[in-house]
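Since every read-out is calculated from the coordinates, none of them should be taken as a lab result. Bear in mind that the values here come from a model prediction, so they are computed numbers and not experimental data. Backbone-built Cβ (ideal geometry, glycine too); neighbour counts: all protein chains shown.
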Amino acid sequence: TVENGKLAEVKIEDQLPTGLEYVKDSLKAEGNEPNPVELKEEAGKITAKYENITDTAERSISFKVKVTEAAKIGKTIVNKAIVDDNNPKNPPQKPEAIITPEYKDGKLKAEKTVNNEAPKLGEEVEYRITFRNVVEHGKVEKVKIKDELPSSLEFVEGSERAEGENPKPLHVKVKNGIVLAEYPEIVDTKERSIVFKVKVKEKAKIGEEIVNKAVVEDTIHPPEQPNIAIQPQYKDGALQAEKTVSNHEPKLGEEVEYRISFENTIENGKLTEVKVEDEIPAGLE
């Protein structure tokens with residue numbers, strides 16, 4: 001900084017602190033000649049040396065570092081350099097720069113499952129929407145879940161619940177057949193789930209798939225849209241049978257007609273097999 005002054009030697013040292021890792025081949029010198037006579041990195045220590053500087057031009061040593069996974073979120077990292085002109089009259093300069101590591105951007109992965117993919121009409125099934133942040137040391141600012149039930153499904157009142165560790169959801173609610181949940185920021189990679197039950201309506205068509213899709217989003221990335229299909233089946237049928245005869249008081253040698261009648265008494269029910277047996281008693285031919 002002295003006009004017509006001379007620095008016989010300038011030595012720069014920068015020992016990288018824990019939490020920072022030198023990026024290979026990123027070290028360089030910038031500025032007018034003279035160029036540094038020494039410029040190197042060894043074991044996380046940056047060293048540079050200049051000789052015979054007689055101007056007041058600015059020179060720089062620049063390099064890149066990577067914040068390691070060992071760094072603690074929110075804890076400052078102080079990186080201090082020592083710049084020394086080897087003159088006892090001038091104490092070394094010790095400039096420093098501070099950084100504060102932050103979470104990486106998180107990313108959601110979601111899936112949807114059901115406890116019974118082939119329910120009978122009128123039966124209840126349980127859906128589970130499971131999600132997690134898949135980025136280690138990542139942060140998801142907010143998670144919003146929406147699940148609009150298809151018309152053939154009816155929400156079972158009071159069946160909604162959240163599973164998983166803190167943070168718990170800000171709310172889990174159902175409005176007009178839409179299941180809604182919202183979580184605050186998540187900084188771990190643990191699984192969390194929203195669980196609820198529905199009833200398959202009688203109007204559902206047998207054998208026709210009902211696809212239930214959820215939307216899980218973090219308001220930054222494209223939403224996850226996990227879905228699962230169920231295929232309604234017939235209910236279990238139930239038999240009712242009766243037997244009639246055309247003449248309760250036939251004469252010997254006369255013919256009578258028996259009729260065995262049966263029906264399935266369950267609407268939308270199915271009888272897999274019906275077997276009829278009638279062993280004719282003695283006295284009848």
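Extending each Cα 7 Å along its Cβ direction at S60 and H137, get the distance between those two points in nm, one decimal. A separation of 2.6 nm, rounded to one decimal place. As a calculated quantity, the FRET efficiency between N247 and I206 at R0 = 30 Å, using C-beta atoms, amounts to about 0.10.
The ranking of E154, E273 from fewest to most other beta carbons within 10 Å of each one's beta carbon is E273, E154. Which residues does a label at E13 reach in the stretch 81-100, if reach means a backbone N under 19 Å from a point 7 Å past the Cα toward the Cβ? Flagged as within label range: 81-97. For the pair V83 and Y103 in one chain, pulling the backbone fully straight at 0.36 nm per residue adds 3.9 nm over the alpha carbon distance.
Annotation note: trypsin sites (Lys or Arg not before Pro) in the stretch 183-285 located in DSSP loop regions with a Cβ neighbour count of at most 15 within 10 Å are K190, K201, K203, K205, K251, K275. The stretch 60-133 and the stretch 186-251 have Cα centres separated by 43 Å.
Counting neighbouring beta carbons within 10 Å and listing from fewest to most, the residues S60, S152 come out as S60, S152.
Run the numbers for L239 and D278: contour at 0.36 nm per residue of separation, minus the present Cα-Cα distance, in nm. Let's see the in-between values first.
Details: separation 39, 0.36 × 39 = 14.04 nm, distance 1.65 nm.
In short, 12.4 nm is gained.
For the chain, a Gaussian network of Cα nodes joined below 10 Å ranks H221, H248, H137 by mean-square fluctuation, and the top entry is H248.
For the listed residue pairs K75/K168; K66/K168; K190/K213; K66/K109; K201/K270; K64/K89, the alpha carbons are over 24 angstrom apart in K75/K168; K66/K168; K66/K109; K64/K89. Given a Förster distance of 35 Å, report the FRET efficiency between V156 and S261 from their Cβ-Cβ distance, rounded to the nearest 0.05. Efficiency computed from Cβ-Cβ geometry: 0.35. Counting only other residues whose beta carbon sits under 15 Å from that of A241, what net charge do I get with K and R as +1, D and E as -1? So the environment of A241 carries a net charge of -2. Summing Lys and Arg as +1 and Asp and Glu as -1 over all other residues whose Cβ lies under 13 Å from the Cβ of N90 gives a net charge of +1.
How much length is gained if the chain between K28 and N166 is pulled fully straight, taking 0.36 nm per residue apart and subtracting their Cα-Cα distance, in nm to one decimal? List each step's numbers first, then the result.
Numbers: separation 138, 0.36 × 138 = 49.68 nm, distance 4.68 nm.
My answer for the length gained is 45.0 nm.
Net charge of the neighbourhood of T76, taken over other residues with C-beta under 14 Å away and scored Lys/Arg +1, Asp/Glu -1, is +1.
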